[in-house]
Amino acid sequence: MGDNYYLGDRNGVRTPMQWSSDRNAGFSRANPQKLYLPVIIDPEYHYEALSVESQERNTSSLLWWTKRVIAMRKRFKAFSRGDLEFSSSDNPKVLVFTRRYQDETILVVINLSRFSQVVEIDLSKFAGHVPVEAFSYNRFPIIKDSPYVLTMGFHDYYWFFLEKEKEAVAPGAEQAFPELGAKKSWVNVLDARMRGKLEEDVLPSYVKGCRWFGGKARTLQQIKIVDIIPLDREHEGAMIVLLKASYNEGAAEEYLLPLAYATSDRAAQLVADSPKAVLCRLRVDEQEGVLYDAVHDEGFHGNLLRMIAGRRRVKGRFGELAGQPGKKFRHLLGEKRLALPSQVLRAEQSNTSILFETLLFLKLYRRLDEGLNPDAEITRILTERAGFESIPPFAGILEYHRPGSEVMILGLLQGFVPNQGDGWTYSLDAVRQYLERVLAVDTEQREIPQVPSSLLEVSAAVIPPLLQELIGGVYLETATILGRKTAELHRALASAHGDPAFEPEPFSMLYQRSVYQSMRNLSRRVLQLLQKNMKKLPEGVRDAAAKALDSEKDILVQFQKILETKFTTLKIRYHGDLHLGQVLHTGKDFMIIDFEGEPDRALSERRLKRSPLRDVAGMIRSFHYAAYSALLTYGSHRPEDVARLEPWADLWYRSVSGIYLSTYLFSVEDAPFVPKDRKEFEVLLRCFLMEKAVYELGYELNNRPDWIIIPLKGIEHILKGR
């Protein structure tokens, strides 16, 4: 009967779990009185309540827990081959030990008590490591020299794999920071006579280690300070410093780096808790201190907020910083005063985010470009002119004006939106639950449901009931909401008449040719990179990579279709980088965020008008990424399950994307920025889907080679008309 399942030992005999609720627990159809070994009739183990069939349908059952544990044990060799070492703790009711094998270290913590427990564990030998929960991949606080505290429910347990925090430094270790000196005031280190050492000995190495520095792949020639703007001259507070990074190749870039000085306990705290914020040790006369990134200074946060609220202007050596509140600033502030508690959010990203209580949210742009940043520009238009409410509202702006140059946007202030996380995390959880439901039903005995191959033909009416049940009505409603929100966003952006930067424009054959040339150049560049890296790819993806290389002509033919007809549609401003990570889940709704566009592109390019179907393609590709990311990275699945689940992952992607697309089309109705002719619409959408998949392939080659199977699958599906 295939796999055997056992309830455990019963009077020394291994007792098999019942197969189903049929007569004789599914083992025999004979009269029960004729059985040599009749089935158990004990109510606790009765086959009508406890059987393989009922356990497989419940993903929270003991059977499913056992499957996950076995899969986890197979994935980590340390569980079966590793050395065993017990760790000391202050609670004898909690068992703590580690299993280590080669580069794997597994920490196991088990509460042996029937009551909740608190335990302090001595993990100092692993200081600088981050415990990552093996089932959920949730990251726990970094381990320090001090005892590690955990709270545990009754009979609870944790399995952590310990991951070295690459940029973290073990607390208590002495840091080798550069050292500088200044006289009378720390501000003098920025004077023309003294800042040479800062520019040569400190700034180059510091900015290279910052997440927001985008020039890591190029050869840095020099860093120069191009302007200094004091926010509090009277108290020698933080300074906004603008840096110019020059390279051996390509254009120079400008960056924002606020600086402040700390001494005594505050300096020691920064070195211990936020070493990445410290530029150097700085001695001012006889006083020891550190020069650090002022975004970690709450006083700096308050100065910025007051600048925006009071329309203050502060002159630097060459330019001027100006704050400007939005029309909704006072409404968002309510009865609160400006002295709001604030904190810098620690998430590593290309910008820096500062939260003021739970009212306002300030985004400081680190990389600066001349011209209006589309994030601030679009957010302001949507809030103050279009009345679009599905975004965090515009509350203010920080601008930098330099004679002879266009304005630079240094910061964007918005209303804070309470949320439960982004759409990517929400969707990834939804796919994982879906895949578990697929395994929980007897799908091997069922014919795999069918949905139309073209996304344009998918709707709720054509998705089979079984598939709808497995996906769940909640997530299908999510796809509906996202489709409607995308359409409402595009309608709002197209409605800003009278502003040349937002006035819709018709397609032209010259524009269509430029789009084709851009797509062709992208594909050739990425496919050359793929060819160059073939030998470095994981063995499991080389066949798919070779298939993509063989399909180069088909990809170019797909792009060439954009030249075959004059499209009767309009170009408008659009999001520019719409995907599941750019929407916030509020519990009942979704809010769209981050209108910066793709940060690798020039600011002028990000402000161009294009077909909004690029946003639609971006969201559809994001659904594809969610489906295959969950399939490939979810550790609880056995290897044989992955092959079985792949067609079901594809069904999830096509069903959800089809619902999203049909809702979008219904919501835009006769909007002029969407082609009326179905053939035109399909050509544009497939071109943008292919362009996005090729772009993703290049990104994964440069950043996550293990993930390139996802865009490779995407390219294959698009060529097949899916």
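The values are calculated or read from the model by the stated rules, or taken from the named source; none is laboratory data. Being a predicted model, the structure only gives us computed values, none of them experimental. Cβ sites come from the backbone with ideal geometry, for glycine too, and all protein chains shown count toward neighbours. Keep in mind that these areas ignore ligands, DNA and RNA; they rest on the heavy atoms of the full protein, side chains included. Shrake-Rupley method; radii C 1.70, N 1.55, O 1.52, S 1.80 Å.
Annotations for the structure displayed:
- R0 of 60 Å, Cβ-Cβ distance Arg337-Gln528: FRET efficiency to nearest 0.05: 0.55
- With both labels modelled 7 Å from their Cα along Cα-to-Cβ, the Glu539 to Lys566 distance reads 5.7 nm.
- Between the range 531-577 and the range 87-107, the alpha-carbon center distance in angstrom: 48
- Accessible area of Arg311 in the full protein assembly, 1.4 Å probe (Å², nearest 10): 150
- Ranking Asp265, Asp191 by solvent-accessible area of protein heavy atoms (1.4 Å probe, all protein chains present), from largest to smallest, gives Asp265, Asp191.
- Calculated from the alpha-carbon coordinates, the chain shows an Rg and a Dmax of 29.5, 102 Å respectively.
- If the chain linking Arg644 and Glu505 were pulled fully straight, counting 0.36 nm for each residue of separation and taking away their Cα-Cα distance, it would gain 45.3 nm.
- Note on the chain: helix-only mean residue ellipticity at 222 nm, from DSSP H runs of 4+ residues weighted -39500 (n - 2.57) and normalised by residue number, equals -11000 deg cm²/dmol.
- Sites Glu457 and Val417 - FRET efficiency at Förster radius 30 Å, r taken between beta-carbons, to 0.05: 0.25
- Difference of contour (0.36 nm per residue) and Cα-Cα distance, Lys208 to Ser61: 48.0 nm
- Cut-off under 5 Å, modelled amide H: who pairs with Leu368 long-range: Glu254, Tyr255, Leu256
- On full extension, the segment bounded by Asp589 and Gln269 gains 111.2 nm, given 0.36 nm per residue less the C-alpha separation.
- Packing-based ranking, highest mean first, of 568-581, 649-662, 100-113, 492-505 given that Cβ atoms within 10 Å are counted: 649-662, 568-581, 100-113, 492-505
- Mean Cβ count within 10 Å, highest first, over the residues of peptides 703-710, 373-380: 373-380, 703-710
- Using only side-chain charges placed at the Cβ, +1 for Lys and Arg and -1 for Asp and Glu, the dipole size of the chain relative to its Cα centre rounds to 1140 debye.
- Helix 62-75 vs. the chain, principal-axis angle (Cα, 0 to 90°, nearest 10): 60
- Distance between the pseudo-spin-label points of Arg311 and Lys328 (7 Å out from Cα toward the beta carbon): 2.1 nm.
- Peptides 421-427, 547-553 ranked from most to least packed give 421-427, 547-553, packing being the mean of other C-beta atoms within 10 angstrom over each peptide's residues.
- Rounded, prolate or oblate (a/c below 1.5 giving rounded, otherwise prolate when a/b exceeds b/c) for the range 80-187 by Cα gyration tensor: prolate
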